[in-house]
1. For the chain, what is the percent of antiparallel DSSP beta bridges, rounded to the nearest 5?
2. Specify whether the C-alpha gyration tensor of the stretch 518-645 places it in the rounded, prolate or oblate class, a ≥ b ≥ c being the square roots of the eigenvalues: rounded for a/c under 1.5, otherwise prolate if a/b is larger than b/c and oblate if not.
3. When the chain is fully extended, how far beyond the present Cα-Cα distance does residue 201 get from residue 338, taking 0.36 nm per residue of separation?
4. If I compute solvent accessible area with a 1.4 Å probe over the protein chains, what percent of it on the chain is carbon and sulfur?
5. What FRET efficiency do you get for residue 118 and residue 163 if R0 is 30 Å and r is their Cβ-Cβ distance, rounded to the nearest 0.05?
6. Mind jotting down the distance between the C-alpha centroids of the stretch 435-488 and the stretch 290-329, whole Å?
7. What residues have an amide H closer than 5 Å to that of residue 375, excluding those fewer than 5 places away on the same chain, when H is modeled at 1.01 Å from N in the peptide plane?
8. Within 10 Å, count the other beta carbons around each residue, average over each peptide in 95-103, 144-152, and list them highest first.
Amino acid sequence: MESRFFNRELSWVEFNGRVLHQALRKENPLLERLQFLSIVTSNFDEFFQVRVASVKRMLDNSPSLQDVSGLTPELVLKQISAKSHLLIREQHNCLKNDILPSLAKENICYVKPADFSASQSDYALNFFLSELFPLLTPLRTDTEPFPHIGNLSLYAAFLLKPISGIRNANEILKGSDEEDRISLVQIPSGIPQILWLPSESGRKDFALIEEIITQYGTQLFPGFAVEETLIFKIARDADFAVDEESGRDFVNEMEKVLVQRQSSFPVQMTCNQTSEKITRFLMEKLELEDDDVYKVEDIVNPGVLMGLREIDDGKMSFPEWEKYYPDSLPEDEPYWDTIKQHDVLLHVPYESYEPVVKFINDAADDPKVLAIKMTLYRTGTDSPIVAALERAARKGKQVVVLVELKARFDEERNIARAHQLENAGVTVIYGLVNLKVHAKIIMVMRRENGSIRRYAHLATGNYNPKTAKIYSDLSLFTSNYEIVNDASLFFNLVTGYSTLQSMKQLGMAPVTLKTKLLSMIQREIERSTPEHPGLIMAKMNALTHEEIIEALYKASQAGVKVLLNIRGVCMLVPGISGLSENIRVVSIVDRYLEHSRIFYFQNDGDEELYLSSADWMSRNLDRRIELMFPILDSKVFEEVKEILEVYFKDTENALELKENGQWAQIETAKDAKPFRAQEYLYKKYKKRADSVVKNPKIEFEVRRKD
């Protein structure tokens, strides 16, 4: 019998293939296709740093250990390499043979140094000498230890040959007697990577900084001729963490981890194909195998081309979608009275994120607000939310913020945020030992009519106004007594010492959330009949928890219909007769990153609907602090349910997972109208906003006697 589970890492590679699929679709605007190519690269960068590094470590420690899919670490690495090489080759073929020629038709032309006109050569040389040369530091490679190569930094390598008859530094500085001399130069990252060149009328010619450096790099090596060059970058292991039980200063230890990440063992090298000799030299020095090296024809990092957006007049991007202010919230006054009357749903980025910022600003400035508590996982730079929290603390309010320092690749920013908040008088909690705090919650305590009234905001996504413009997330403003009371218990638990309290509405990982999910799946099984089969619908980023997957298999066998919308990794195998024939898995990759988690249980007609910060993964349900919260307001319930159902109607950007692990286009009837979930949702919110404008509130002026 075939495995009951797909391998997690290979499933992730398939996800990146779905991102690439969007880049290959010619109906998408040019710069959006280029954006998807860039995302493929950044996704792979993180994947190799974290997941591949983890498998390599497993290969060293437990080489014969099989995972739930039946694969050993060696087989996983082989298949990752084969699939990833194929995708990266397809990615760069798309860039070279499709995107760049299409840009040229729009008179935006990528010009290599070999094709520079005389005026372009003069301009580029002058730019190199005046702007680049002072920033560059050539490094010898015949030293011990070998020069440090920074994680994910772009480098130029030069194969040098002494010019006969010229006395050079090697005769003075004791180095190596090797025939080959190779020098490394880091490409400056703090400057624009695109250089606009003098062009003919109507054309916009550009070159890349990395190629300007390789073209004129001979200036760095007087007495030597440059025989070959190579552009490359190295991805290093980032899959390690602080020993949280060591008793040492946690923030200091976290800062050490950031330093270690820059010098940990190399996992992958991406390079162009201009020098096999330099490539082999680097592989030997960095102890990389052939499977670890990804050779591309031209541009090592397609992401540098996103600088082209600065000249876009809108014709090469998706049409702008306005972010609408929710009609259920007042724009010019605080929300307290509105939230007391009913819950309010916010759906970004279709709706503006401004209400969340306003909620915290109002709490900071309202003299009746006594305290604010919240969690921060990823905040972004120049956060107005952080500024509001600082202002609240300076005004004498009690402000408690749980900052998760272990948010991968945001550790440095979060350390800075924590210090910034502490300096303003905020009480900062630095997470919990061995548990990441991934829950998204704000609670505001306000004095009203002689008593304390509590308000809460709970979300599926981070408190980051910038990512809220491109991540699709749901959140809830509520003053429901049971929810805010649970919120108080939650904060008491994560900020202080507290025995586990029974929460009436919130599910909290790793305490009750998994148990609650399993019990609701089991309840669906028990209440399902052939005449009235049960129904589970769920949307999330990833599904890898073996216990949850087994429960879903059991539900399928009992006749329960299971609809899953999984953006990324899915280890569940659908469509197997006698196991999962009642389970359907689809995935949507579109202009917005799908990030919301929505869980629906039919419950024999007594429907239940939840939002959550947690995916159904072991790390979320067993090793993180997460929250799942119910939708209790009837109007909000219907809206969230419709949103969830919409995701299973998509025929344009959805792909369906098959039993063999491949993702295929959704099959539709020939006369069926195409349906795109994100476009439908945008038009829905646009129509709602337009109706508010077209039907303004009618105010009656009362005529009074003077």
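1. Around 65 percent of the beta bridges assigned by DSSP in the chain are antiparallel ones.
2. Rounded is the answer for the stretch 518-645, as its axis ratio a/c remains below 1.5.
3. The span from residue 201 to residue 338 would gain 43.5 nm if fully extended.
4. Ligands and nucleic acids excluded, carbon and sulfur reach 48 percent.
5. Working from the Cβ atoms, E equals 0.70.
6. 31 Å
7. 402, 441
8. Result, highest mean first: 95-103, 144-152.
The values are calculated or read from the model by the stated rules, or taken from the named source; none is laboratory data. For clarity, every value in this text was computed on a predicted model and none was experimentally measured. Glycine also receives a Cβ, built like all others from the backbone with ideal geometry; neighbour counts cover every protein chain displayed. When the accessible area is computed, the model is the full protein with side chains, heavy atoms only, and any ligands, DNA or RNA have been set aside. Shrake-Rupley method; radii C 1.70, N 1.55, O 1.52, S 1.80 Å.
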